[in-house]
Every structure is written in structure tokens, then in C-alpha cells.
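Scroll down for the structure; my scribbles are underneath it.
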Amino acid sequence: MTTTTRTAAVRERAEGPPPRRGPYVCGLDAAMDVVSGKWKSLVLWELAAHGVRRYAELKRGLPGVSDKVLAQQLREMEADGLLVREVFPEVPPHVEYSLTEHGRALNTALESLGAWGSERIARLGAAVVEP
């Protein structure tokens, strides 16, 4: 049995807008600043549900997101300290995304909001998109 380690992985910080540093009105304002945008909470959910994911795996799990928007959201989430992007020195390029402790904590905080949303879906009889 052969095992591989991540010691060869190269951590690469994404270029992107710096995270907003306030002033904030309250803690909710600070939290919403980090998850604003349609796809960020869904990226958090996808990584929490499936662990380490490659870009194509994330894209498959998020039907409807464009490459440009997903790449931008991932850069912003990395800049906010929610996820780690690991680039492996291979050909073809191999990049993996995973949640940081900060990202896992935010995902935990969003779970009750997700439960509320599930109740709303049921109450409305709304459809749910399956990836």
C-alpha cells in the first residue's frame, strides 16, 4: 500500500480584494460581510459535506455557477481565512481546497440558518436542485 503526503504541496495565497475590516454595526454585519454573495455559503456547505475538493468537484456540486464567479468567490474566501488552497507541483496542475478552522466554525454557525431554510422550502413546497 502506497501513501502520499502533502509535504510536497505548495501553499499559494490567492490574489484578491482584501477582507473588509469594518467598521461593523454588529457581529451579524461582520458575518454577513464574509458570506455575502450567492455562492460562498454553498461552497462552505460543499467543503463541509465532502472535505477536500478539487475545483472541478466544487463546480459539479454547485450547479449554475460560472468559472469566473467560482474562482472569484474562492479567492475571496481564501483572503477571508475560510479556506486553504493547496497547489501541488504536478503536471497537469493539481489544486485542492479545504476549510480552515475559521471556515468550519462559520459553517457550524450557518447550520441553524440552513435548518430554517429547509423549513421554508417545505412550507412553500419549493423545488430543490440536486447537483
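The values are calculated or read from the model by the stated rules, or taken from the named source; none is laboratory data. Please read all numbers here as calculations on a predicted model, not as lab measurements. Please note: Cβ atoms are built from the backbone with ideal geometry, for glycine as well, and neighbour counts cover all protein chains shown.
Worth pointing out:
- Residue within the range 38-45 that is touching a strand residue (DSSP E or B) at 6+ places or on another chain (Cβ under 8 Å) and either free of Cβ contacts under 8 Å to residues at least 12 places away in the same chain or not β-branched (Val, Ile, Thr) (or both) present: yes
- Residues of the range 113-131 that turn out to be of a type in the set (Val, Ile, Thr) and either within 14 Å of residue 47 (Cβ to Cβ) or assigned to a helix (DSSP H, G or I) (or both), as a count: 1
- Residue that is surrounded by the most Cβ atoms within 10 Å (Cβ to Cβ), among those in the range 83-112 that are in contact (Cβ under 8 Å) with a residue 12 or more places away in the chain, assigned to a helix (DSSP H, G or I) and aliphatic (A, V, I, L, M): 106
- The one condition in (1) surrounded by 11 or more Cβ atoms within 10 Å (Cβ to Cβ); (2) at pLDDT 75 or above; (3) farther than 25 Å from residue 66 by Cβ that residue 37 fails to fulfil: (3)
- Note on the range 19-37: residues that are free of Cβ contacts under 8 Å to residues at least 40 places away in the same chain, of a type outside the set (Gly, Ala, Ser), closer than 15 Å to residue 82 by Cβ and not in a loop (DSSP other than H, G, I, E, B) total 2.
- Hey, residue 58 in contact with a strand residue (DSSP E or B) (Cβ under 8 Å, 6 or more places away or on another chain) and closer than 18 Å to residue 38 by Cα or not: yes
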